[in-house]
Every structure is written in C-alpha cells, then in structure tokens.
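Input: a single structure, listed below in structure tokens.
The values are calculated or read from the model by the stated rules, or taken from the named source; none is laboratory data. Fair warning: this is a prediction, and the values are worked out from it, not measured in the lab. Cβ atoms come from the backbone with ideal geometry, glycine included; neighbour counts cover every protein chain shown.
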Amino acid sequence: MTTKLITIPMTQAEIRRLQEYITLVEEYQADTLEKWIIKEYAYTNSITEVVKWAVPKEWPLTKLMQNPF
C-alpha cells in the first residue's frame, strides 16, 4: 500500500472542500421534517442519531405509525 504524502496545496484544497460542505449544511433551510432529517444526517452521518433526536423515547411506536409528526 502506498501512502500519498500531504502537501500544502493538497491540504488547502481539502480545507476549501470541507469549508464548502460546512457552509452548505449550515445554510440549508430545514423548513420541513424531511429537510430537517437530511440536515441532521449531514451533521451526524447516522440515521440512528437523527431518530434519537427526533423521537422522544416515551412515544409508543404505534402512535408514530398512526401519526408520524
């Protein structure tokens, strides 16, 4: 396996790429439940974590299935 050495130009390009991603996520207008889920997933990269924030533990699953949000 070869290791690609890190250079300043490569690092600067990666920083720009990551900053664009951060800006995109932070400015994303989550004005619907679906968009909120997308935005939270971008922050966590975990649908499990998104669901933990979205659904209080005391909510029974049957209630969610009948009237999801």
#### Entry: Counted residues, region 54-64 - those being part of a loop (DSSP other than H, G, I, E, B) and at pLDDT 65 or above
2
### Message
Just to check your reading of the model, which residue among 67, 45 is of a type in the set (S, T, N, Q) and at pLDDT 95 or above?
### Response
45
### Message
Quick check on my filter: what residues within region 31-53 are outside any helix (DSSP H, G or I) and surrounded by 14 or more Cβ atoms within 10 Å (Cβ to Cβ)?
### Response
none
### Whichever residue in region 1-29 is loosely packed, with under 10 Cβ neighbours inside 10 Å and hydroxyl-bearing (Ser, Thr, Tyr) and, among such residues, is farthest from residue 44 (Cα to Cα)
2
### Query
Only one residue in 18, 24, 5 is outside any helix (DSSP H, G or I) and at pLDDT 90 or above. Which one?
5
